[in-house]
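S.K.: One structure coming up, written as structure tokens, with questions to follow.
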Amino acid sequence: MASPSAAHPIAVIGAGIIGASVAYHLARAGAPPLIVDAGDGGGVTTPTSWAWLNASWGNPEPYVRLRRRSIAEWHRLASELPALPIHFRGSLTADISADELNIYVERYGAWGYRLRLVDCDEIMRREPRLREAPAVAALCEEEGAVEPVAAAVRLREAAVALGARFLPRTSVHRLVLTGDSVTGLDIGDEVVAIRAAVCAAGVAAPDLMRQAGYMLPFETPEGLLAHTQVFEPVISSLLVLPGIHVRQTTEGRLVAGFDFAGSTIDAPAVAAAQLITRINELITLPKPARLDFMTIGLRPTPGDGFPVIGWVPGWKGLYLTVMHSGMTLAPAVGLFAAEEILSSRRDPLLAPYGPERFRN
């Protein structure tokens, strides 16, 4: 295999939604990278994401501002890449108490987020197929969803069209470290010379970082999703209700989930069946929903719950991007990372999220 290092001095490790976005934005800025992925592209966590684009209840203002900026960048991407499977039809949140909903609407509204409380009648007008509706919910019309794998593939393909190179089914066995710099990737049958590596490897990121002596506090909580057969459009909003969250994909499947932490081998199947039962209780459907398939994803979550984005302390050429909420954050992270890598300008919205806060 010919070395791609001359044409691609930057390597992006991982082709999930974060890696694909970083690669696209590097290529868009005139620095098409080498994209290396252990699978066929799409990542490990990305295919198991509910893919809600949101600012999320309970976050501090700086993180809300970053997430809102990224939602705006999703709109930009939708105009740049017309085939991007994304929609903004709003969300209805009612999985917290009425007091918490009031705080949510007041606090986030003061920060500029378009939120308002709606009653049962308005919920039913928006979602007439609901068999039952909560007494009150928080409506956010600027939230939406994206189809995760299709979006990652579209971004990666756009990067390749701009000159990036994609190596699927290629594992990075180790980082090649020379002095205080990352100089290559060992991909098994060769060492690829590079000048910088962007680690967008999700749940595999801590192992790669450990090679550079950077010990990242990390958790991988599980999330289960049940996917139904395809239906005609039956719901518009993303529904975040007690015990279940459910949305309809652009393909027409209903995707429902909740956190899962079971330890027995049959528990996921039981949990998925319960979700399907709940869908049938909640929504009037042309025919009963059935389980088509389920996924269980590991969410790459740094120790304090917030993203880690930036140059790894003590190393030249090693840039880290790892986070939960990757679907919401992907376009802003891709844009900001490309800008920092190529021009050394760090966007102020990234100030709280540098790797140095976990300096070992």
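S.K.: Applying the selection to the stretch 278-289, what residues are surrounded by 14 or more Cβ atoms within 10 Å (Cβ to Cβ) and polar (S, T, N, Q)?
M.R.: 280
S.K.: Let me ask something else. Report whether or not residue 83 is more than 30 Å from residue 176 (Cβ to Cβ), surrounded by fewer than 21 Cβ atoms within 10 Å (Cβ to Cβ) and at pLDDT 95 or above. Walk me through it before giving the result.
M.R.: On the way: more than 30 Å from residue 176 (Cβ to Cβ): yes; surrounded by fewer than 21 Cβ atoms within 10 Å (Cβ to Cβ): yes; at pLDDT 95 or above: no.
No: the conditions fail for residue 83.
S.K.: Does any residue of the stretch 322-330 turn out to be surrounded by fewer than 24 Cβ atoms within 10 Å (Cβ to Cβ), assigned to a strand (DSSP E or B), in contact with a strand residue (DSSP E or B) (Cβ under 6 Å, 6 or more places away or on another chain) and not small (Gly, Ala, Ser)?
M.R.: Looking through the stretch 322-330, none of the residues is surrounded by fewer than 24 Cβ atoms within 10 Å (Cβ to Cβ), assigned to a strand (DSSP E or B), in contact with a strand residue (DSSP E or B) (Cβ under 6 Å, 6 or more places away or on another chain) and not small (Gly, Ala, Ser).
S.K.: Moving on. For the stretch 174-230, what are the residues that are among the basic types (Lys, Arg) and farther than 23 Å from residue 45 by Cα?
M.R.: The first filter runs over the stretch 174-230 and keeps only residues among the basic types (Lys, Arg), leaving 174, 195, 210.
Across the stretch 174-230, the qualifying residue is only 195.
S.K.: Take the residues of the stretch 263-289 that are part of a helix (DSSP H, G or I) and of a type in the set (Gly, Ala, Ser): which is modelled with the lowest pLDDT?
M.R.: This residue is 267.
Rundown of residues vs (1) among the aliphatic types (A, V, I, L, M); (2) within 28 Å of residue 294 (Cβ to Cβ); (3) crowded, with 21+ Cβ neighbours inside 10 Å; (4) in contact (Cβ under 8 Å) with a residue 60 or more places away in the chain, yes/no style:
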position: 16; (1), (2), (3), (4): no, yes, yes, yes
position: 22; (1), (2), (3), (4): yes, no, yes, yes
position: 38; (1), (2), (3), (4): yes, yes, no, yes
position: 48; (1), (2), (3), (4): no, yes, yes, yes
position: 75; (1), (2), (3), (4): no, no, no, no
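S.K.: Turning to a different aspect of this structure: Before we move on, is residue 113 aromatic (Phe, Trp, Tyr) and over 30 Å from residue 28 (Cβ atoms)?
M.R.: no
S.K.: Moving on. Looking only at the stretch 302-316, count every residue that is farther than 15 Å from residue 329 by Cβ, part of a loop (DSSP other than H, G, I, E, B) and within 24 Å of the chain's Cα centre (by Cα) and tell me the total. Walk me through it before giving the result.
M.R.: Taking the stretch 302-316 and keeping what is farther than 15 Å from residue 329 by Cβ, we get 303-304, 311-316.
Pick out the ones that are also part of a loop (DSSP other than H, G, I, E, B) and you get 303-304, 312-315.
Now narrow it down to the ones that are within 24 Å of the chain's Cα centre (by Cα): 303-304, 312.
Counting residues in the stretch 302-316 that are farther than 15 Å from residue 329 by Cβ, part of a loop (DSSP other than H, G, I, E, B) and within 24 Å of the chain's Cα centre (by Cα) gives 3.
S.K.: Is it true that some residue in the stretch 33-40 is modelled with pLDDT of 95 or more and acidic (Asp, Glu)?
M.R.: Yes, the conditions are met somewhere in the stretch 33-40.
S.K.: Now a separate question. Since residue 50 meets every condition but one in (1) over 27 Å from residue 249 (Cβ atoms); (2) assigned to a loop (DSSP other than H, G, I, E, B); (3) at pLDDT 95 or above, which condition does it not meet?
M.R.: Every listed condition holds for residue 50 apart from (1).
S.K.: Does residue 285 count as closer than 30 Å to residue 88 by Cβ and in contact (Cβ under 8 Å) with a residue 60 or more places away in the chain?
M.R.: The answer is yes for residue 285.
S.K.: Here are some conditions: (1) more than 20 Å from residue 59 (Cβ to Cβ); (2) open to solvent by 10 Å² or more (accessible area, probe 1.4 Å). Residue 337 meets all but one. Which one does it not meet?
M.R.: The one condition residue 337 does not meet is (2).
S.K.: With the condition being surrounded by fewer than 16 Cβ atoms within 10 Å (Cβ to Cβ), I'd like the strands (runs of 3 or more DSSP E) fully within the stretch 173-262 carrying at least 2 qualifying residues.
M.R.: Numbers: elements: 174-178, 181-186, 191-193, 196-199, 222-230, 238-241, 244-248, 253-259.
Strands (runs of 3 or more DSSP E) meeting the threshold: 174-178, 181-186, 222-230.
S.K.: Here is a further query. If the requirement is being of a type outside the set (Phe, Trp, Tyr), more than 25 Å from residue 54 (Cα to Cα) and in contact (Cβ under 8 Å) with a residue 24 or more places away in the chain, which of these qualifies: 139, 155, 225, 167?
M.R.: Only one candidate qualifies: 167.
The values are calculated or read from the model by the stated rules, or taken from the named source; none is laboratory data. These numbers come from a predicted model, not from an experiment. Positions of Cβ are generated from backbone atoms using ideal geometry, with glycine treated the same way; all protein chains shown enter the neighbour counts. When the accessible area is computed, the model is the full protein with side chains, heavy atoms only, and any ligands, DNA or RNA have been set aside. Shrake-Rupley method; radii C 1.70, N 1.55, O 1.52, S 1.80 Å.
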